[in-house]
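Novice: Have a look at this one before I ask anything.
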Amino acid sequence: MSDIRIATAEDQILLDKEAKYCSYGDTVHYIEPPRIFSRCEGSYVWDTEDQAYLDLQMWYSAVNFGYANPRLNNALKQQIDTLPQIASQYLHKGKIELSEMIAVDAKKKFGLDGRVHFNVGGSQSIEDSLKVVRNATNGKSLMFAFEGGYHGRTLGASSITSSYRYRRRYGHFGERAQFIPFPYHFRGPKGMTKEEYGSHCVQQFARLFETEYNGVWDPKVGSSEYAAFYVEPIQGTGGYVIPPMNFYRELKHVLDQHGILMVSDEIQMGFYRTGKLWSIEHFDVQPDVIVFGKALTNGLNPLGGIWAREELINPKIFPPGSTHSTFASNPLGTAVGLEMFKMTNEVDYGAMVMAKGKFFLEGLQDLQKRFPIIGDVDGLGLALRCEICGPDGFTPDKATLDYMVEEGMKGDMVVDGQKLGLILDVGGYYKNVITLAPSLEISYPEIELGLKLLEQLLVRATNR
Ligand SMILES: Cc1ncc(COP(=O)(O)O)c(C=O)c1O
């Protein structure tokens, strides 16, 4: 472990209290001691000593529109002064208009009627989607999901999340996923193009349905034991892995043939992270259910929810009270969500994000040419990846990335006379991928600054 900065006396008092009074179960301590922050704005956060850090992960993509975005903050403030609280059994304008926005947009893009349903948090929204698909398939409780997939840590969500680590100590609660390989081309078999590998993965999946003896399909009645396939179109925690463009079209074809629903988990990649409202839009398929959270409110309120096809969620099928929760569709959250939709409809966010993403990716490609420890870089919009490897450019090197993350948190790099830290997030199957999720409002000079800071970390890592 590198020589991380010593906490100030004031921070140490808080850390001692944390050690005594706080459960560690609701957090993760990636660095020791954890840094304590006191303010944030735009792409920056400041620690208790007023040291600035450029944030290239934006609260795991919950703050897509920049910290303290004035327009979204104002929407929250205005709602506080009008209708800050109302029980979810009553209606308010914000809930209805936000649902309309999402449903009308989905009709335009996917040609499907559907409805929107709110809850609080990503995992809880995944739970609700599980109820929707189980209900629509006469209670089928088995799902397909991807190796490397992440859908949250409530009991249902963790049972369709690939990491056994998140389930190990809790046993099972009825839900279960079979995990299918994702077309992770960089680590796939050699000799296939990205598209060929995508088709290969679909063919391997389709094999499961060839005979009843492959365990998922009864050809006599034409029925699968599995209700739905949960996909993150671009894997998030799995390392911002971008599949080939033919992949979901081919996969959806197999699912449609076998009556299996497709649920698109957009919790991390939604809200223009990849240059589209929903990342599944890149792939020319119609999802049956979309699950969203995080950046709907720019991180100001934990509102999440789902959109589902009318046939799956209309009130006859999915009646009132199916998942009701006290804070679902709370008016503070829906007010910010609605303002976010208005804001992103006024400017061409898609074009803006794609242009900035291209610029950032070119910078990463340039770094890759100069630093052999960068095995792979890729990106879609402003969801970017940078895979840190050994000198062979392939063997995953988690230790070096951990070192870089800790060095970034020291806050001691200097660019053009300015002292800065850099906040990075770590993801990937081998925890060796920098998963870059900068603010979508990041400026071009800030992207250049981020690249310079990354370069300094790479130099430190190479010379250590
Ligand atoms: C793709 C995806 N699904 C689900 C979740 C869980 O959401 P939450 O942490 O809000 O419960 C996350 C969180 O990182 C996520 O990235």
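Novice: If R0 is 35 Å, what FRET efficiency do you get for THR193 and ALA351 from their C-beta distance, rounded to 0.05?
Specialist: Approximately 0.80, to the nearest 0.05.
Novice: Let me ask something additional. Could you state the number of Å between the C-alpha centres of segment 348-389 and segment 403-423?
Specialist: Each part reduced to its Cα centre gives a spacing of 20 Å.
Novice: In the chain, if the dipole is taken from +1 on Lys/Arg beta carbons and -1 on Asp/Glu beta carbons about the Cα centre, which of LEU367, LEU208, ASN345 is farthest to the positive end?
Specialist: Checking the options against the dipole of the chain, the answer is LEU208.
Novice: Can you pull out the chymotrypsin sites (Phe, Trp or Tyr not before Pro) in segment 156-230 that DSSP calls coil and that have at most 14 other Cβ atoms within 10 Å?
Specialist: Details: sites: TYR164, TYR166, TYR170, PHE173, PHE179, TYR184, PHE186, TYR197, PHE205, PHE209, TYR213, TRP217, TYR226, PHE229, TYR230; in loops: TYR170, PHE173, TYR184, PHE209.
Here the chymotrypsin sites (Phe, Trp or Tyr not before Pro) that fit, given the DSSP loop and packing criteria, are TYR170, PHE173.
Novice: Now a separate question. Can you give the longest stretch of the chain with no exposed loop site, where a site means GluC sites (Glu not before Pro) in a DSSP loop (not H, G, I, E or B) with at most 14 other C-beta atoms within 10 Å?
Specialist: The segment 226-464 is the longest one with no such site.
Novice: Sticking with this one: At most 12 other Cβ atoms within 10 Å and a DSSP loop assignment: could you name the chymotrypsin sites (Phe, Trp or Tyr not before Pro) in segment 79-133 that fit?
Specialist: Sites meeting the loop and neighbour criteria: TYR90.
Novice: Let me ask another. About its Cα centre, how strong a charge dipole does segment 73-346 have in debye, to the nearest 20, once Lys and Arg get +1 and Asp and Glu get -1 at the Cβ?
Specialist: It works out to roughly 620 debye.
Novice: Is there a quick way to get the dipole size of the chain? I mean about its Cα centre, with the Cβ of Lys and Arg at +1 and of Asp and Glu at -1; what is the value in debye to the nearest 20? Numbers along the way, then the final one.
Specialist: On the way: 47 positive and 57 negative charges, 175 e Å.
I would put it at about 840 debye.
Novice: What is segment 317-464's relative contact order, in percent, from Cα pairs under 8 angstrom and six or more apart in sequence?
Specialist: Working: 173 pairs, mean separation 27.6, N = 148.
It rounds to 19 percent for segment 317-464.
Novice: Among DSSP beta bridges lying fully in the chain, give the percent that are antiparallel, nearest 5.
Specialist: Looking only at bridges with both residues in the chain, the antiparallel portion is about 65 percent.
Novice: May I pose another question? I need to check one value: relative contact order of the chain, counting alpha carbon pairs closer than 8 Å and at least 6 residues apart, in percent.
Specialist: With pairs under 8 Å counted, the relative contact order is 22 percent.
Novice: Let me ask something else. If we count every other residue with Cβ under 13 angstrom of MET404's Cβ, Lys/Arg +1 and Asp/Glu -1, where does the sum land?
Specialist: For residues surrounding MET404, the net value is -2.
Novice: Regarding the chain, what is the average projected area of its C-alpha convex hull, in nm²?
Specialist: With every direction weighted equally, the projected area is 23.2 nm².
Novice: Compute the relative contact order of segment 73-346 as a whole-number percentage, counting only Cα pairs closer than 8 Å that sit 6 or more residues apart in sequence.
Specialist: Reported relative contact order: 28 percent.
Novice: May I pose another question? Given LYS77/LYS419; LYS109/LYS252; LYS140/LYS316, which pairs have Cα atoms separated by over 22 Å?
Specialist: Among LYS77/LYS419; LYS109/LYS252; LYS140/LYS316, the Cα-Cα distance tops 22 Å for LYS77/LYS419.
Novice: Around LYS77, what is the net charge, scoring Lys/Arg as +1 and Asp/Glu as -1 over all other residues with Cβ under 13 Å from its Cβ? Can you show the working numbers first?
Specialist: Details: positive: ARG71; negative: ASP81, GLU339.
For residues surrounding LYS77, the net value is -1.
Novice: Counting other beta carbons within 10 Å of each residue's own, what order do SER123, SER439 fall into, fewest first? Intermediate results must be reported in sequence, preceding the final value.
Specialist: Values: SER123 22, SER439 25.
Arranged by neighbour count, lowest to highest, SER123, SER439 become SER123, SER439.
Novice: Give me the base-10 log of I(q)/I(0) for segment 256-299 at each q in 0.15, 0.21, 0.25 Å⁻¹, Debye formula, one uniform scatterer per Cα, rounded to two decimals.
Specialist: For the requested q values the scattering log ratios are -0.38, -0.66, -0.85.
Novice: Now for a separate question. Using the alpha-carbon centroid of each, what span in Å lies between segment 262-312 and segment 60-136?
Specialist: Result: 10 Å between the Cα centres.
Values in this text are rule-based calculations from the coordinates and carry no lab data. What you see is a predicted model, and the numbers here were worked out from it, not measured in a lab. With ideal geometry, Cβ positions are generated from the backbone for all residues, glycine too; neighbour counts draw on all protein chains shown.
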